[in-house]
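The values are calculated or read from the model by the stated rules, or taken from the named source; none is laboratory data. All of these numbers come straight from a predicted model, not from anything done at the bench. Quick reminder, even Gly has a Cβ in these numbers, built from the backbone with ideal geometry, and neighbours come from all protein chains shown. Remember, those area values only see protein heavy atoms, side chains included, never the ligands or the DNA or RNA. Shrake-Rupley method; radii C 1.70, N 1.55, O 1.52, S 1.80 Å.
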Amino acid sequence: METVCQEVRYGLRMLRKYPAFSLTVIITFCLGIGLNSAIFSMVSGILLRDPPVKDAERIVVITLANPEKGSDRNQVSAPEFSALRQQGHFFKEIGAATYDDLTITGLGEPERITAAEVTPNYFELFAVPARAGRTFKVTESVAKQKFEAVISYDLWQGRYGGDPGIVGKPLTLSKKTYTVIGVMPAEFKYAFLPCAVWTPAPFVAASSLSAQRDVRNLNVLARLIDGVSIQQAQTQTTTIIQGLEEAGLTDKGWAPRLVGLREILVEPNVRIAILFLMGVVGFVLLIACANVAGLFLAHSVARQNEFAVRAALGAGRWQLMRQLLGEGLLLALFGGTLGMLLAFIGLKFLRASLSFDAQTAWLAGKIEVNAAVLLFTIVVSCLTVLLFGLMPALQSSTPDLHTGLREGARTASPSLRRTRTRGAIVVGQVALAMVLLVSTGESVQLVVTEARARLGFDPQQVLTVNLSLSGSKYADPTKQAEFFGEVVERIQRLPGVQFAGATQVLPESFPTQAAFEVAGQPASRAEDRPQAGSYIVSADYFHVMRIPLLKGRQFSLSDGASAPKVVIINQTFMKRFLPKTDPIGTFVSTYPNLSGVPDSREIVGIVGDVIDRVGQSDDVAQMYVPFLQSPLSAMIVVTRGGDPATLTPAVRESIWAVDKDQPISGISTMRRVLDGKGAGDRLLGGLLGSLAALALGLAATGIYGVVSHMVEQRTQEIGLRIALGAEKGNVFRLVVGGGVLLTAIGTTVGFLLAMPIPRMFATAHQDSWLRSSVVLAIAPALAMGAALLACYIPARRAMRVNPIVALRHE
């Protein structure tokens, strides 16, 4: 311990002796380790987070896939659930749930919440007891407890103010009264199951099983028996489903897939984005570590005289290596400590940025610096020193005593091996930076394309209100049409409102794709029918959104249920399917599903194209159907005009004047809706762009270090050249040429490694590879530009070398 303490003190003195070197290494460590710790916190908090249930690894979600129908994770039908419950011997518990948005009334304004009907063993499957009260009894029939309800912690705290006497009190849900029997803990909340109220349901009535074979609405979960693997349960489940197919109780082509609870809680695109981000910061760490290795090599050259003296006085190779690695560990300790502070700052930024919707904000709350992150930081710091500090330590621990002890050793030229090693490090840095530039450049290009997308409508001064009707009161489509018609009429009369309307789905919200056939163009098979985005809108919707009418007329109040069925198409629909005829008056048959009876509708108008989805790069066919001919229980009321701040209360009062119990789930401006839809992509693009710039900066720093050290080591040579008549331009080219050569080699290697990346992005996003490959042209230019900038300062310093001073010791 005395020896260790002595070497630590000596290491601290060495760091103080070379403050520029120490500060550079610490900052480099800080950036590399801090960014990796911040992103690993996301991985740990979102991807590696264990659900708050007992033995979560034993719980699986049973989904069904049908490649022919393009379904990957479909829900389960009642006959399938019944068979799995009876024959699934590998399942210790198996339960099901269905989810619906219902209206809760009483104690304040009406509120739209997510409620679940679950099998009574639902909470027993998770092995999570109630925080207050109890959960459903497995031993009792559903009929005896059908009006009992378990509520979430958030609902208890929010709507009921944490009332300690909540158990036993009534709860009104869509006009039905339940008795609260329990409150679940705050942790019992997942991204996959965002639920506020649970009520019991059996789901399987033997008399109706055959009638429910086509209804897939059950989320089925199961707890595996100890010792049974997911693969074994998967095999048994496949056998059960195949037996149902043979018995004619389910359709053919469905294959079960058992997914772990942790995997199902995170959307695949979120998982891919986080892992991609982790890969990017890993590249940044590699570049930072390469910088550190280069700095250690350069620093060791400057200390050859010191190492030679210590070796001459009896220091062994292991002692020298231990001293150098100790200094590296000290630098890593300081850099890792600052990196943790950077990680805390980065997490604060990430939490603030991941608040564009409630689901994402809840996930962001799970991101924290925990013990796993601290261990990750320590391991990364130590590995960085061992992997990238060991090579300089090995080279410096075997000094050449003759060269090192002679006078002027500090100015001796480095060995060819050291020069090649530093050059190889720089080449690797540039190659990694090139791959990173291309990858992030492709991602950023997608975000830029999304931001520049032509909307096809005017989102300014548009207010949106989400309304969803429920209960027996609005079961009749006529009642639905009357409600929304009266609400739109009342809002239309408000001061400042120019137009008011309603739509089933807003633009850029992935509308339902409806199959259709144009008159005279029948499809040979149902699967071959073309599809178009389907919108159900009210009469003044096009006025509200300022979607231009190109030909024909818009909808009117006369397009009611008893009037001839009509449809409005967009410009792309006309160009693609009716290019040589006048569309007005042509009939189109729309199909609600593959086997459904079609609706024959007459085209009465043509409007401009509107963006369907986030990041859309091509025009798509669209159809608009009048709301009065296809009423729905859930619509979005849109208004144009007026100040949203002053208009919002009046809109609320107008809705409650029609129905005082109608919940209003959200009021927002159309501009904010659009910002929220692309917020995740923009955040990812911004992070990737910043990381790519940092990587390029680190690579440029590495080039600067190599060239600067080369100038320092070749001061005598440069002085001699100048003394013999070399011009400043020749010296400038000599210095810059070395850095540019290394950059050119690294850029070439990186270019070859990065060539497949644009093609992969183009395939994934159905974009033009030629257009994506523009990034391949920009990335090398950026790398070469950074190299020239990094070489400029050392080259200018070399041009000012005084030959008399440089040759003084020769």
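When you look at Val597, is it buried (at least 20 other Cβ atoms within 10 Å of the Cβ) and of a type in the set (A, V, I, L, M), yes or no? Considered against the rule, which asks whether it is buried (at least 20 other Cβ atoms within 10 Å of the Cβ) and of a type in the set (A, V, I, L, M), Val597 comes out as no. Taking the criterion of being among the small types (Gly, Ala, Ser), within 28 Å of Phe349 (Cβ to Cβ) and out of contact with any Lys or Arg (no Cβ under 9 Å at 6 or more places or on another chain), would at least one residue in the range 648-665 satisfy it? So far as the range 648-665 goes, no, none of its residues is among the small types (Gly, Ala, Ser), within 28 Å of Phe349 (Cβ to Cβ) and out of contact with any Lys or Arg (no Cβ under 9 Å at 6 or more places or on another chain). Scanning the range 618-651 for residues that are among the hydrophobic types (A, V, I, L, M, F, W, C), more than 15 Å from Phe483 (Cα to Cα), open to solvent by 20 Å² or more (accessible area, probe 1.4 Å) and in a loop (DSSP other than H, G, I, E, B) yields one hit, Val620. Of note, Val379 does not satisfy the criterion of being more than 30 Å from Arg49 (Cα to Cα), open to solvent by 20 Å² or more (accessible area, probe 1.4 Å), at pLDDT 60 or above and not hydroxyl-bearing (Ser, Thr, Tyr).
So that you can scan it fast, the table gives a plain yes or no per residue for (1) over 30 Å from Ala130 (Cβ atoms); (2) within 27 Å of the chain's Cα centre (by Cα):
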{"residue": "Phe21", "(1), (2)": "yes, no"}
{"residue": "Ala38", "(1), (2)": "yes, yes"}
{"residue": "Pro79", "(1), (2)": "yes, no"}
{"residue": "Ala83", "(1), (2)": "yes, no"}
{"residue": "Gln87", "(1), (2)": "yes, no"}
{"residue": "Ala96", "(1), (2)": "no, no"}
{"residue": "Asp101", "(1), (2)": "no, yes"}
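Determine, yes or no, whether Leu752 is surrounded by fewer than 16 Cβ atoms within 10 Å (Cβ to Cβ) and closer than 30 Å to Leu277 by Cα. Against the criterion (surrounded by fewer than 16 Cβ atoms within 10 Å (Cβ to Cβ) and closer than 30 Å to Leu277 by Cα), Leu752 qualifies. Among the residues making up the range 226-252, those that are surrounded by fewer than 18 Cβ atoms within 10 Å (Cβ to Cβ) and farther than 19 Å from Glu93 by Cβ are Gln231, Thr235, Thr238, Thr239, Gln242, Gly243, Glu245, Glu246, Ala247, Gly248, Asp251, Lys252. In the range 652-668, the residues that are without any contact (Cβ under 8 Å) to a residue 40 or more places away in the chain and open to solvent by less than 10 Å² (accessible area, probe 1.4 Å) never reach a residue that is among the polar types (S, T, N, Q) and assigned to a loop (DSSP other than H, G, I, E, B) with C-beta atoms less than 8 angstrom apart, at least six apart or across chains. For the range 718-748, a residue qualifies if it is part of a helix (DSSP H, G or I), free of Cβ contacts under 8 Å to residues at least 40 places away in the same chain and open to solvent by 40 Å² or more (accessible area, probe 1.4 Å), and the qualifying residues are Arg721, Asn730, Arg733, Leu741, Thr748.
Looking only at residues of the range 419-442 that are open to solvent by 20 Å² or more (accessible area, probe 1.4 Å) and of a type in the set (Val, Ile, Thr), we find that the one that is farthest from Leu752 (Cα to Cα) is Thr419. Output yes when any residue across the range 293-309 is at pLDDT 75 or above and open to solvent by 40 Å² or more (accessible area, probe 1.4 Å), and no when none is. No, the range 293-309 contains no residue that is at pLDDT 75 or above and open to solvent by 40 Å² or more (accessible area, probe 1.4 Å). When the range 509-544 is limited to residues that are within 34 Å of the chain's Cα centre (by Cα) and over 26 Å from Ile611 (Cβ atoms), the one that is modelled with the highest pLDDT turns out to be Asp528. Looking across the range 173-189 at every residue that is within 37 Å of the chain's Cα centre (by Cα) and either surrounded by fewer than 20 Cβ atoms within 10 Å (Cβ to Cβ) or over 18 Å from Gly158 (Cα atoms) (or both), the one that is modelled with the highest pLDDT is identified as Pro185. In the range 201-215, the qualifying residues are those that are open to solvent by 40 Å² or more (accessible area, probe 1.4 Å) and closer than 18 Å to Ala97 by Cβ, and the one that is modelled with the highest pLDDT is Pro202.
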